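Student: My questions all concern the structure below.
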Amino acid sequence: MEQKLSVIMATDVVGYSRLMEIDEKGTLSALKKHRQELLDVKVALRHGRIIKLMGDGMLVEFRAVEEAVLCAVEIQREMRTRNTNVHRDRQIEFRIGINIGDILFEDEDVYGDGVNVAARIESIARPGGVAVSASVRDTVGNRLYISFEDAGEQALKNIERPLRIFNVIIDDDTPSKHTPTALMAPPSLNVQDNPAIASNRTLLYVSRFVNLSGDPDHEYFAAGITEDIAAALSRFSGLNVIVRLPRSEPQQNAPATHYTLEGSVRRLGNRVRVNANLTNALHEHIWAEKYDFDLVDMFYIQDELSQSIPAALNIKIEEAERHRVLGKPLTALRAYDFYLRGRHLEMSLNPDDVRLAREMFVAAINDDPGYARGYLGLAWLEIHRLKWNERVDLETTLASAFASASKALELSPYDANVHWALGVVYLWRGEAERAIGCYERGRELAPNNCDLLAEYCDALGYLGRLEDATRIGELALRLNPSRPDWYLWNIAASKYLSGNYLEALSLLEKMADLGSAYRLLAATYAQLGRLEDARRAASELLKLNPEFSIERYSSRAPYRDKALLARYIEGLRLAGLPE
């Protein structure tokens, strides 16, 4: 018997028996179609897992409360659209109930108080509506763009205690004027009117790219590029993106700290040249690049630009923000600034730097307890301790990382970096499927986040998916030509594990600062028979991490294929690293 605390969503069809009497075959066919095309898809996208099917109903388990609520709302909204042209007597409507509680799995069935309560809440939900327990409502808080109607305490069948229930307000539902609601409006794009966004997000103005071709027919192409790039940039959690009119029009009332992306499009015979440049509030150039394409497929050109430019800008803007913050006195810092200072220090192998990074992340949380990235920073510090093979208790360190990352997810469920960090934690906990789910969710939210892709390369290597690891790692390199060294290290690791030692060495030798990559370099040299070089690399590793041991590394590293781990350990032993 397995028991765990979960988020449970129960669904059922309203008036199913009546629908079956009217048209049994039609009802079954329509229900099957809705399940396959809508419910199954939404559940998968929100990382749910169907744990039981019951005729016209189902039970679904979710990792996060936010995912369950959003999944339910999306299903009900889509069902309203699907029922638009269906006769009222034939419309299929779902009731949905959501609860947090215990699930027990035994003999391929599910039981538990959490399941029973979810089913009872579903039974009193409005047709086409979503009802949730007070625990769900309290957990969601005001983080989602959703309002709730307090339905008061309800006596539920076969449940001893009355439970307070909330109805989710969906689109044109109107809550009672006497009923308190909790509603958070979408963030205003006017940053000056929204201090929270001003302090925790970077403002980026995107000017419409200018058509320099002299042909009015190419205006659509310049406008399309601008829209695609702005849409891609808006998926990065730290950026607040505003599209404005062409650059010839001065920006009115822009905040003191902001960035502006400008560009131009010119057709040169059968070639298209696109120029893009980024400036700060002082009109200083931060980044510039030109892109040349053959005039064959306009859609391909737009796709390439909508990947490459956002990927480069996300990195360059964070670099510029860190540089700006480092020049500010501590007394002038706010949560976002503390976080950036911590980020500047967190990857250091110097214990004093790591201690300061922790202080910066704690200061970010103290300044703004609702700012998710302070907790995210603390999670990464614990993750780095495992990756760098420090002498720490594995279970305690993973628990700390998981707690911090989970808190960050609670506060910011749409931050790709949070899902990425959780993916690493699940990987090191040995939960490969959940790890992959988190990485993929991160990619959905920010498909051009190069750092996330490079880290995904590392995870896929541990899981033995070496071809996928190389492909993802090389994509990160293509999107970020000014890549940090650790991109190369992660790709080199997949090459090493594949037995391509020369290719691994070629990548490692391109790194300016090897740091902990001396471990892989030592193993690679050893496998190539260059034992003297291997021992030198091992010596450099031990200078940085005197407590490194093969036994500790092999007992922790989350390799799914033990043959790949054995290949790595063989190289480390040949290099003379301590057992």
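The values are calculated or read from the model by the stated rules, or taken from the named source; none is laboratory data. The structure presented is a predicted model; accordingly, all values stated were derived computationally and were not measured. All Cβ positions, glycine included, derive from the backbone under ideal geometry; neighbour counts span all protein chains shown. Remember, those area values only see protein heavy atoms, side chains included, never the ligands or the DNA or RNA. Shrake-Rupley method; radii C 1.70, N 1.55, O 1.52, S 1.80 Å.
Student: Of all residues in the stretch 40-57, which are in contact with a strand residue (DSSP E or B) (Cβ under 7 Å, 6 or more places away or on another chain) and either at pLDDT 90 or above or over 18 Å from Val7 (Cβ atoms) (or both)?
Tutor: Asp56
Student: Is it fair to say Ala416 is free of Cβ contacts under 8 Å to residues at least 60 places away in the same chain and small (Gly, Ala, Ser)?
Tutor: Working: free of Cβ contacts under 8 Å to residues at least 60 places away in the same chain: no; small (Gly, Ala, Ser): yes.
Against the criterion (free of Cβ contacts under 8 Å to residues at least 60 places away in the same chain and small (Gly, Ala, Ser)), Ala416 does not qualify.
Student: Yes or no: the stretch 328-340 includes at least one residue that is more than 23 Å from Ala421 (Cα to Cα), surrounded by 14 or more Cβ atoms within 10 Å (Cβ to Cβ) and among the polar types (S, T, N, Q).
Tutor: no
Student: Residues in the stretch 61-103 that are over 26 Å from the mean Cα position of the chain (by Cα), β-branched (Val, Ile, Thr), modelled with pLDDT of 90 or more and in a strand (DSSP E or B): how many?
Tutor: Filtering the stretch 61-103 for residues over 26 Å from the mean Cα position of the chain (by Cα) gives 79-97, 102-103.
Restricting the remaining residues to those that are β-branched (Val, Ile, Thr) gives 81, 84, 86, 92, 96, 103.
Subset that is modelled with pLDDT of 90 or more: 92, 96.
Going one step further and asking which of them are in a strand (DSSP E or B), we end up with 96.
Qualifying residue count, the stretch 61-103: 1.
Student: Can you give me the number of residues within the stretch 384-408 that are modelled with pLDDT of 90 or more and hydrophobic (A, V, I, L, M, F, W, C)?
Tutor: Within the stretch 384-408, residues that are modelled with pLDDT of 90 or more and hydrophobic (A, V, I, L, M, F, W, C) number 7.
Student: Please work out if Ala364 is touching a His at 6+ places or on another chain (Cβ under 7 Å) and farther than 29 Å from Asp513 by Cα. Working first, answer last.
Tutor: Numbers: touching a His at 6+ places or on another chain (Cβ under 7 Å): no; farther than 29 Å from Asp513 by Cα: yes.
When the stated conditions are applied, Ala364 does not pass them.
Student: Now, a different point. For Arg519, are the conditions met, namely being surrounded by 21 or more Cβ atoms within 10 Å (Cβ to Cβ), in contact (Cβ under 8 Å) with a residue 40 or more places away in the chain, out of contact with any strand residue (DSSP E or B) (no Cβ under 7 Å at 6 or more places or on another chain) and among the basic types (Lys, Arg)? Steps first, answer last, please.
Tutor: Details: surrounded by 21 or more Cβ atoms within 10 Å (Cβ to Cβ): yes; in contact (Cβ under 8 Å) with a residue 40 or more places away in the chain: yes; out of contact with any strand residue (DSSP E or B) (no Cβ under 7 Å at 6 or more places or on another chain): yes; among the basic types (Lys, Arg): yes.
For Arg519, the condition - surrounded by 21 or more Cβ atoms within 10 Å (Cβ to Cβ), in contact (Cβ under 8 Å) with a residue 40 or more places away in the chain, out of contact with any strand residue (DSSP E or B) (no Cβ under 7 Å at 6 or more places or on another chain) and among the basic types (Lys, Arg) - is met.
Student: Still on this model: I want to confirm something. Restricting to the stretch 434-443 and keeping residues that are open to solvent by 10 Å² or more (accessible area, probe 1.4 Å) and without any contact (Cβ under 8 Å) to a residue 40 or more places away in the chain, which single residue is farthest from Leu564 (Cα to Cα)?
Tutor: Ranking the qualifying residues of the stretch 434-443, first place goes to Arg443.
Student: While we're here: Here's a check for you: in the stretch 416-433, which residue that is among the charged types (D, E, K, R) and at pLDDT 85 or above is surrounded by the fewest Cβ atoms within 10 Å (Cβ to Cβ)? Steps first, answer last, please.
Tutor: The initial filter retains those residues of the stretch 416-433 that are among the charged types (D, E, K, R), namely 429, 431, 433.
Filter once more, keeping what is at pLDDT 85 or above: 429, 431.
Numbers: Arg429: 17, Glu431: 15.
Ranking the qualifying residues of the stretch 416-433, first place goes to Glu431.
Student: Sticking with this structure for a sec: Does Val425 qualify as being touching a residue at least 24 places away in the same chain (Cβ under 8 Å), of a type outside the set (Lys, Arg) and in contact with a Phe, Trp or Tyr (Cβ under 8 Å, 6 or more places away or on another chain)? First the steps, then the outcome.
Tutor: Values: touching a residue at least 24 places away in the same chain (Cβ under 8 Å): yes; of a type outside the set (Lys, Arg): yes; in contact with a Phe, Trp or Tyr (Cβ under 8 Å, 6 or more places away or on another chain): yes.
In short, yes.
Student: Shifting gears a bit: What are the pairs, 6+ residues apart or on separate chains, where a residue within the stretch 66-82 that is under 10 Å from Phe94 (Cα atoms) and in contact (Cβ under 8 Å) with a residue 12 or more places away in the chain has its Cβ under 7 Å from a residue that is of a type outside the set (S, T, N, Q) and assigned to a helix (DSSP H, G or I)?
Tutor: Between residues of the stretch 66-82 that are under 10 Å from Phe94 (Cα atoms) and in contact (Cβ under 8 Å) with a residue 12 or more places away in the chain and residues that are of a type outside the set (S, T, N, Q) and assigned to a helix (DSSP H, G or I), the close pairs are Ile75/Leu38; Ile75/Leu39; Ile75/Lys42.
Student: Select from the stretch 290-304 the residues that are open to solvent by less than 80 Å² (accessible area, probe 1.4 Å), touching a strand residue (DSSP E or B) at 6+ places or on another chain (Cβ under 9 Å) and charged (D, E, K, R) and write down the one among them that is modelled with the lowest pLDDT.
Tutor: Within the stretch 290-304, the first condition is being open to solvent by less than 80 Å² (accessible area, probe 1.4 Å), and the residues that meet it are 291-293, 295, 297-298, 301-302, 304.
Still in the list and also touching a strand residue (DSSP E or B) at 6+ places or on another chain (Cβ under 9 Å): 291-293, 295, 298, 301, 304.
Subsequent filtering for residues that are charged (D, E, K, R) retains 292, 304.
Numbers: Asp292: 86, Glu304: 78.
The qualifying residue modelled with the lowest pLDDT is Glu304.
Student: Let me ask something additional. Exactly one of these conditions fails for Ala403: (1) surrounded by 22 or more Cβ atoms within 10 Å (Cβ to Cβ); (2) more than 20 Å from Arg341 (Cα to Cα); (3) small (Gly, Ala, Ser). Give me its number.
Tutor: (1)
Student: Still on this structure, I have one more. Working carefully through the options Arg573, Arg556, find the one that is basic (Lys, Arg) and under 18 Å from Leu386 (Cβ atoms).
Tutor: Details: Arg573 fails: under 18 Å from Leu386 (Cβ atoms).
Checking each option against the conditions leaves just Arg556.
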